[in-house]
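Okay, so here's the structure we're looking at.
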Amino acid sequence: MSSSTSLQTSFMQSYNKPIPLTDAQFAGVAITRFITRMCKANMSEPTPSSDFHSHRMPPMSVKNYMERIVRHCNCSGEALLCGLVLLLKYSFYSNHPINIYNAHRLMLTSILLGIKMRDEVYYSNVYYARIGGITSKEINKL
């Protein structure tokens, strides 16, 4: 085997390796896929029945919103998954299905609670409100 062939084989093996994700990024991708499916399954016109419901469709996709949260919150994957459990419990017990009109606020609030429950270091509600694009008064109400 020539040296150029072994070099080429070595390059191809390293090139085909998956890009490593942190646990928070991995959890964020999984949660995004799940919530996106829930939103597609519950396509309907907005019926503002709780403080989480928006009157218009948010300009940012669920995927971009989750990426923003993961990038700026510096949270663990465990906190994100804990937030997902809280979101699902709220949806089940309140009888409010997750749709595109409430997904963003539900995600932000449930992840905020997950971070405060599971992570040792967390920021003020004002910081999380800025990340989520809402006012501090609104996040405190949620």
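Laboratory data are not the source of any read-out in this text; all were calculated from the coordinates shown. This is a predicted model, so every value here is computed, not measured. Positions of Cβ are generated from backbone atoms using ideal geometry, with glycine treated the same way; all protein chains shown enter the neighbour counts.
Here is a yes/no grid of residues against (1) crowded, with 17+ Cβ neighbours inside 10 Å; (2) aromatic (Phe, Trp, Tyr); (3) touching a helix residue (DSSP H, G or I) at 6+ places or on another chain (Cβ under 9 Å); (4) part of a helix (DSSP H, G or I):
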position	(1), (2), (3), (4)
Ser50	no, no, yes, no
Pro59	no, no, no, no
Arg105	yes, no, yes, yes
Arg130	no, no, yes, yes
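Filtered by the rule that a residue be touching a residue at least 12 places away in the same chain (Cβ under 8 Å), not aromatic (Phe, Trp, Tyr) and not in a loop (DSSP other than H, G, I, E, B), segment 61-77 gives Val62, Lys63, Met66, Glu67, Arg68, Ile69, Val70, His72, Cys73, Gly77.
Among the residues of segment 132-142, how many are in a loop (DSSP other than H, G, I, E, B) and crowded, with 17+ Cβ neighbours inside 10 Å? Talk me through it step by step, then tell me what you get.
As a first pass, look at segment 132-142 and keep what is in a loop (DSSP other than H, G, I, E, B): 133-135, 142.
Now restrict to residues that are crowded, with 17+ Cβ neighbours inside 10 Å: 134, 142.
Qualifying residue count for the region: 2.
Only one of the numbered conditions (1) assigned to a helix (DSSP H, G or I); (2) among the aromatic types (Phe, Trp, Tyr); (3) within 20 Å of Lys63 (Cβ to Cβ) is not met by Tyr93, and that is (3).
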